[in-house]
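One structure is given here, and the rest of the page talks about it.
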Amino acid sequence: MTEFTQLGLSPTTLQAVADTGYTTATPIQEQAIPVALAGRDVLGIAQTGTGKTAAFTLPLVDRLSTGRARARMPRAIVLAPTRELADQVAESFAKYAKGTKLSWVLLIGGVSMGDQVAALNKGVDVLIATPGRLLDLFERGKMLLTGVEIMVVDEADRMLDMGFIPDIERIFKLTPPRRQTLFFSATMPPEITRLTTAFLKDPTRIEASRPAMTADTITQYLVRIPTSDPKAKRTALRALIERSDVKNGIVFCNRKSEVDIVAKSLQTHGFDAAAIHGDLDQAHRMKTLADFRAGNLKILVASDVAARGLDIPDVSHVFNYDVSHHADDYVHRIGRTGRAGRKGEAYMIVTPSDDKSLDKVLKLIKKDPEELILDGIDFAAIKDNYRRDDKRSGGRERSGERGGRGRSRAAEPAVTEAAPVVAATAVEAAPPAAEAPRSRSRRKAKPDTVVVATVETPAVVEAAIVEAVEPVEARAPRPDREPQLLQSDRRGDRKPAKDEPQRQGVRGFGDDIPAFLRRPVVIPA
């Protein structure tokens, strides 16, 4: 292990490092800092929790210590995939740059844009941002990227998972080509490799460990349960928390809706738990994380928004309530524990439906976690109770009790085939006066037909379609054109009632033709 004093950092930066309590550099810091100080591009590959943030923050502070920021023209950009990770980078920058006159601004969504714009107008040395907010402010004309000297991309593989790669490419193209790029990622999917080939110039590749390798300080366990029933999974989770000496732990779920359900279940059973995911407002998320860091919250139930880069040094346990869909996410999840040489434990609950996802995880990490058996839990009984609850509700699924478009099927009135129709009289609207055709190709429009129906029951009465006939003045009564009483058979077909006499319908206005229809029509020659 190499001490920071041997890496070529300035005395001011070394003092800031010493104030944080660190004296020895991690492998990624040992290899990346000298190369970055020399002004060369760096492609750093290291597992999560190995000190990548300090590996680019320390040389960034040293290189920018000379120079002056100009209004709306930042000198360096640090891109992070999530708001929480960007905020963490800003905290690290504040610690390591406290002995300098460098300024920085945090550009993330969910907070006021006015304060961020005001800071940009004064001039900042470093932008620490998520891609979306940075491009938003750029498109509003609040900044210029032509003065960027150093570009840092952190957790690049997470950028890929979140769909930020097009934004990253655009930001690269907006910055000057003669810039230094520090690119860090825990894994190297093909798309990330293509990105580094396009935008990095002869980078120094630094691998502190093989990609997707889990830390040796983490003891991994696998817990199989015989059912995918959510109630059984929550029971297994509570049993794992109770049997483990949990100082503080993070529970990871695949879906945001599941995060809320699991957190409420733990709270109901007396656990100190809270939820955090992307749908919560930023102030609530930051407060929850602050409580967890301060030790005021014991269990944090999270989606993968908290899986990357969160530096909470003393997390004792990680629980995978769901097996992650992407194998890389498992590496980042369990990387929240066992950090900075501390010991940690990671548990993964596996159901019969998780076999494919589990195979991907085991193939990636090239390890076989120790299997645990939860004694004293009758999962079959939990499943039977769950089904018995469904039977009490009439055999309907909880999500399927209501009919289409939110209507209850039981509340719909029954339509019997004997629903009587009292009368259905078709009335044709009187045609307008003759009008010169606009073109020979235009077909003459037929007069509208109105069907008036009167019923005694709420049964549905189908409208009778009456064929349009000649104008009132030229029309003679025809027996085959007379409207008939309609009734519906069981198939819904229309047919006349044989036992009902046919009645003469009223056509047009009869003798009461309005005066405006009697006016003569003048047709231009």
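The values are calculated or read from the model by the stated rules, or taken from the named source; none is laboratory data. What you see is a predicted model, and the numbers here were worked out from it, not measured in a lab. Here Cβ is always computed from backbone atoms with ideal geometry, including for glycine, and neighbour counts include all displayed protein chains. These accessible areas exclude ligands, DNA and RNA; they are computed on the full protein's heavy atoms, side chains included. Shrake-Rupley method; radii C 1.70, N 1.55, O 1.52, S 1.80 Å.
Quick check: net charge around residue 115, other residues with Cβ under 13 Å of its Cβ, Lys/Arg +1 and Asp/Glu -1? Net of charged neighbours comes to +3. With a 1.4 Å probe rolled over the protein heavy atoms of all chains, the accessible area of 56, 379 falls in the order 379, 56, largest first. Between the beta carbons of residue 202 and residue 170, assuming R0 = 30 Å, the FRET efficiency works out to 0.80 to the nearest 0.05.
Between residue 146 and residue 377, the contour length at 0.36 nm per residue exceeds the alpha carbon distance by 76.9 nm. Looking at this model, which pairs from 247/363; 98/201; 231/298; 233/356 are more than 27 angstrom apart at the alpha-carbon? Correct reply: 247/363; 98/201. Counting only protein heavy atoms and a probe of 1.4 Å, the accessible surface of region 141-266 is 52% carbon and sulfur. Model label points for residue 118 and residue 314, set 7 angstrom from Cα along the Cα-to-Cβ axis, are 3.6 nm apart. Per residue, the accessible area of region 97-164 comes to 39 Å² when a 1.4 Å probe rolls over the protein heavy atoms.
With each label modelled as a point 7 angstrom along the Cα→C-beta vector, the residue 359-residue 23 pair spans 5.1 nm. For region 319-360, the solvent-accessible area works out to 37 Å² per residue, with a probe of 1.4 Å and every protein chain left in place. As a length-normalised measure over Cα pairs under 8 Å and 6 or more apart, the relative contact order of region 137-295 settles at 15 percent. Using a 7 Å offset from Cα along Cα-Cβ at residue 366, what residues in region 191-235 end up with backbone N under 18 Å from the label point? 206-218, 220, by backbone N distance to the label point. Close amide H partners of residue 319, meaning residues 5 or more places away or on another chain with modelled amide H under 5 Å apart, are 250, 251, 252, 347. Efficiency by 1/(1 + (r/R0)^6): what FRET value for residue 10 and residue 283, r their Cβ-Cβ distance, R0 = 30 Å, to the nearest 0.05? Between residue 10 and residue 283 the formula returns 0.20. Take the Cβ-Cβ distance between residue 139 and residue 216 as r, set R0 to 60 Å, and report the resulting FRET efficiency rounded to the nearest 0.05. For R0 = 60 Å, the calculated efficiency reads 0.85.
Annotation: peptides 293-305, 315-327, ranked by per-residue average of other Cβ atoms within 10 Å with the highest first, follow the order 315-327, 293-305.
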